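The values are calculated or read from the model by the stated rules, or taken from the named source; none is laboratory data. What you see is a predicted model, and the numbers here were worked out from it, not measured in a lab. Every residue, glycine as well, gets a Cβ built from its backbone with ideal geometry; the counts of neighbours run over all protein chains shown. Keep in mind that these areas ignore ligands, DNA and RNA; they rest on the heavy atoms of the full protein, side chains included. Shrake-Rupley method; radii C 1.70, N 1.55, O 1.52, S 1.80 Å.
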Amino acid sequence: MEVFSVQFRVNGEEVEAEFPAHLTLLQALRELGYFEVKNGCEKGDCGSCTVLLDGLPVNSCLVLAVQVQDKEIITVRSLGSADNLHPLQENFIKHGAIQCGFCTPGMLLSAKALLDKNASPTREEINEGISGNLCRCTGYVKIVDAIKATADQLKTNQKKRRH
Ligand code: FES
Ligand code: FES
């Protein structure tokens with residue numbers, strides 16, 4: 001089987017690997033040990049495999065690994081650590097926006113991408129921002145609460161820094 005050499009960055013680290021042409025980015029990332037990228041439907045329906053590709057959320061099951069040459073990929077692993085959670089992670093816990101957690105890595109990355117481009121989203125805009133991420137457990141209200149609370153918190157922190 002023909003393989004192609006691909007170089008890219010994952011969470012700031014250089015990766016060089018050989019992939020067959022048909023391998024999806026989801027499969028490639030999991031083969032490389034990035035198990036935080038969840039495999040749900042493998043057909044673009046659930047959003048559990050969401051990663052940021054050059055800052056934009058994509059379903060990694062719909063991207064071929066050979067397409068990410070020179071690209072920057074962010075997985076939830078780089079958002080925060082157990083000792084130093086990202087405000088989104090803190091608020092997901094605080095607002096009970098996690099149950100089984102399967103959707104959470106993708107949900108957090110879509111939320112981050114939304115807040116990066118819109119610091120004050122309305123609930124409708126949040127709903128739209130996470131519309132590609134399905135959650136079977138929470139009913140979404142708590143997830144939207146958590147994202148809204150994070151936006152408010154980040155704004156307050158920014159104001160405090162200015163004074
Ligand atoms: S696994 Fe990619 S969208 Fe469901
Ligand atoms: S918390 Fe279970 S799918 Fe979202």
Kirkwood hydrodynamic radius for the chain: how many Å is it when counted over pairs of different Cα atoms?
16.4 Å
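Per the 1.4 Å probe, what fraction of the accessible area of the chain, in percent, lies on carbon and sulfur atoms?
Carbon-and-sulfur percentage of accessible area, whole number: 50.
Evaluate the relative contact order of the chain (contact order divided by residue number), counting alpha-carbon pairs under 8 angstrom at least 6 apart; express in whole percent.
Values: 275 pairs, mean separation 36.3, N = 163.
Contact order relative to length: 22 percent.
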Within the range 87-105, the residues whose backbone N lies under 15 Å from a label point placed 7 Å from the Cα of Leu154 along the Cα-to-Cβ direction are 87-92
To the nearest Å, what is the center-to-center distance of the range 43-57 and the range 72-142, using C-alpha atoms only?
12 Å
Count of lysine pairs in the range 36-130 with Cα atoms under 23 Å apart, counting only pairs 8 or more residues apart in sequence or on different chains?
8
Average Cα contact separation per residue, the range 3-78, under 8 Å, 6 or more apart, as relative contact order %
40 percent
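For the chain, what does -39500 (n - 2.57) per DSSP helix run (n ≥ 4), summed and divided by total residues, give at 222 nm, in deg cm²/dmol to the nearest 500?
Theoretical 222 nm ellipticity from helices: -11000 deg cm²/dmol.
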Descending accessible area (1.4 Å probe), largest on the left, turns His95, His22 into His22, His95
Please give the per residue accessible area of the range 35-140, computed with a probe of 1.4 Å over protein heavy atoms only, in Å².
51 Å²
Taking the dipole of the range 11-157 about the Cα centre (Lys, Arg +1; Asp, Glu -1; charges at Cβ), the one of Gly44, Asn91, Ser78 that reaches farthest to the positive side is Asn91
